[in-house]
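What follows is a single structure, written as structure tokens, with notes after it.
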Amino acid sequence: MPEILLSTLNAKFIHSAFGLRYLLANMGELRSRSAIAEFDINQRPVDIAEVILAQNPRILGLGVYIWNVAATTELVTILKRVRPEMLIVLGGPEVSFECDRQEIIRLADYTITGEADLKFAEICQLLLNGGKPALKIIPAELPDVTQLALPYSEYDGRDCAHRVIYVEASRGCPFTCEFCLSSLEVPVRQFALEPFLAAMQSLLDRGVKHFKFVDRTFNLNLATSRRILEFFLERWTDGLFVHFEMVPDRLPEQLREIIARFPAGSLQFEVGIQTFNLEVEKLISRRQNHDRLNENFRWLRSASGVHIHADLIAGLPGEDLASFGAGFDRMIGLRPQEIQVGILKRLRGTPIIRHDAAWGMVYSAHPPYEVLQTKTMDFATLGRLRRFAKFWDIFGNSGNFRQTLSWLWERPASMENPASPFWNLLEFSDWLHGEGVKTSGVALGRQYELLYAFLTRVRILDTSEVKAALADDYLKAGRNDLPPWLTEKKPMRESNVPESAGHFPKRQQRHLAS
């Protein structure tokens, strides 16, 4: 039985707790007395408590995040009632700010704020030796990342086979966007490159195919970025998939040259645009060059096989529905494979709150603290956008409707808003809501039925043409179980997802179909 148990509630089983593995790797002489126990938010806190209590640790370290704080608070309540002598130490971004306002911090014994990679082991050593920290809330000094033990050997065989493997070559962000916790992580700190690449080689040797870099600005240091890209290109095999978060307006020729050599679908770039409104950008202290951004997108889509996942945020201070819609249309014109529409969240510690009075920002008091209304978007409008984001993910981002998706925004010129994808898609979203369709749990077959109904009943398109196009989309996504109602007219083509894409994530596979 471990004396020290490290635990958290992941959003899904497929996710792995990167932070816990850093803590475990840096336990020093306490490593052999420590273990990890991961759970997910779909498990009941009382069942999680049963597993933890059966292991009977003296110290329990819990990672607390925006997605798990409610369930983790319930878990801590149970544990403290059943076994009050168990020492509970909290850490993570959700408990690193506004500590005086949180019930979970009151319930726990200690909370470490900031990057606890080294501080947690120090506190555990003190507690096991019978000591007591001077403070209940303990600030961690910013660690020198080059002195940290890397966590990659803490991924076990099940992780390598079944979970997302998170990696990082740097920490921090040079930008000051007021909605983001990364804006508080200054300066950017680079891990020593050669030990990092050696660790990546070890993961490859263990069969890892999917790597997700959590660096906020992977392409900030061009020499490092190029070296890492070269490393993966030299070792590329079928199914290798690498995800990076990229600064959208920074893609010089020395990176383009190597990016263009990767096979289609093997790289994914997450590109945070957030808004195209210049006044809103200024309000939230965001800097980006739109001309360079546009040109980089054009190059990526025309000269590379990169899968682009672009982000927009609805509900930013100063942005109204028309402005957001114009930004969405502009994003559609840049042709990323996916556009994630997020609703602004008031993350603890971020300076976005300075706009509350001037822009009438009202946020939910409960996680994930989404904005409820602003001076320029009332509650009903943000409700529409919340549904729009969900339905767009189902019908737009999924890759299931590659041909028919565009039919949603290509309306006859005689109809209102003929040239705007956003307003036409919003009409579809509103129609779905009016039909009583929920924003989650919509079965695939039902999705095709709903799109057919909208295109034929509302847009008055030819039924046989719509059926043929939907059948085409269905088969192009790699399926062969065509629903009977779509077989009236022979589809245009069968599946043409490249065979080499078989090990990519399913959504990315569908986007590869031409």
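Table for the structure above
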item	result
Residues within segment 323-354 that are part of a strand (DSSP E or B) and closer than 20 Å to T376 by Cα, tallied	4
Unmet requirement for E115, which otherwise passes all of (1) more than 28 Å from the chain's Cα centre (by Cα); (2) surrounded by 16 or more Cβ atoms within 10 Å (Cβ to Cβ); (3) within 25 Å of A134 (Cα to Cα)	(1)
Residue count for segment 355-383, restricted to those that are in contact (Cβ under 8 Å) with a residue 12 or more places away in the chain and assigned to a strand (DSSP E or B)	5
Top-ranked residue in segment 243-270 [being among the β-branched types (V, I, T) and at pLDDT 95 or above; ranked as nearest to L316 (Cα to Cα)]	I259
Subset of segment 203-231 that is over 21 Å from A17 (Cβ atoms), of a type outside the set (S, T, N, Q) and buried (at least 19 other Cβ atoms within 10 Å of the Cβ) - its residue that is modelled with the lowest pLDDT	L220
Scope segment 151-182; condition charged (D, E, K, R) and either surrounded by 16 or more Cβ atoms within 10 Å (Cβ to Cβ) or under 18 Å from the mean Cα position of the chain (by Cα) (or both); matching residues	E154, D159, R163, E168, R171, E178
Residues satisfying the stated conditions in segment 442-474, i.e. of a type in the set (A, V, I, L, M, F, W, C) and open to solvent by 20 Å² or more (accessible area, probe 1.4 Å)	V442, A443, L444, V458, I460, L461
Residue count, segment 118-138 (criterion: closer than 28 Å to L193 by Cα and surrounded by fewer than 19 Cβ atoms within 10 Å (Cβ to Cβ))	1
Hits in segment 1-56 (condition: surrounded by fewer than 17 Cβ atoms within 10 Å (Cβ to Cβ) and of a type in the set (K, R))	K12, R31, R33, R44
Residues (of a type in the set (D, E, K, R) and farther than 30 Å from L267 by Cβ) located in segment 319-375	E319, D320, R346, R348, R354, D356, E370, K375
Of all residues making up segment 433-485, the number that are within 17 Å of G396 (Cα to Cα) and polar (S, T, N, Q)	3
From the options E410, E435, residue that is open to solvent by 20 Å² or more (accessible area, probe 1.4 Å), modelled with pLDDT of 95 or more and of a type in the set (D, E)	E435
Qualifying residues in segment 79-112 (those that are in a loop (DSSP other than H, G, I, E, B), touching a Lys or Arg at 6+ places or on another chain (Cβ under 9 Å) and more than 11 Å from V64 (Cα to Cα)) - the one most open to solvent (accessible area, probe 1.4 Å)	E85
Wholly enclosed helices (runs of 4 or more DSSP H) of segment 233-322 bearing at least 3 residues open to solvent by 10 Å² or more (accessible area, probe 1.4 Å) and farther than 18 Å from W359 by Cα	253-259, 290-303
Residue ID - nearest to K80 (Cα to Cα), chosen from residues in segment 139-149 that are among the hydrophobic types (A, V, I, L, M, F, W, C) and open to solvent by less than 20 Å² (accessible area, probe 1.4 Å)	L148
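To keep it simple, each residue is scored yes or no on (1) among the aliphatic types (A, V, I, L, M); (2) farther than 25 Å from Y166 by Cβ.
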{"position": "T8", "(1), (2)": "no, no"}
{"position": "H15", "(1), (2)": "no, no"}
{"position": "E29", "(1), (2)": "no, yes"}
{"position": "I41", "(1), (2)": "yes, no"}
{"position": "R44", "(1), (2)": "no, yes"}
{"position": "I105", "(1), (2)": "yes, yes"}
{"position": "G114", "(1), (2)": "no, no"}
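The values are calculated or read from the model by the stated rules, or taken from the named source; none is laboratory data. For clarity, every value in this text was computed on a predicted model and none was experimentally measured. Please note: Cβ atoms are built from the backbone with ideal geometry, for glycine as well, and neighbour counts cover all protein chains shown. Calculation scope for accessible area: heavy atoms of the full protein, side chains included, ligands and nucleic acids excluded. Shrake-Rupley method; radii C 1.70, N 1.55, O 1.52, S 1.80 Å.
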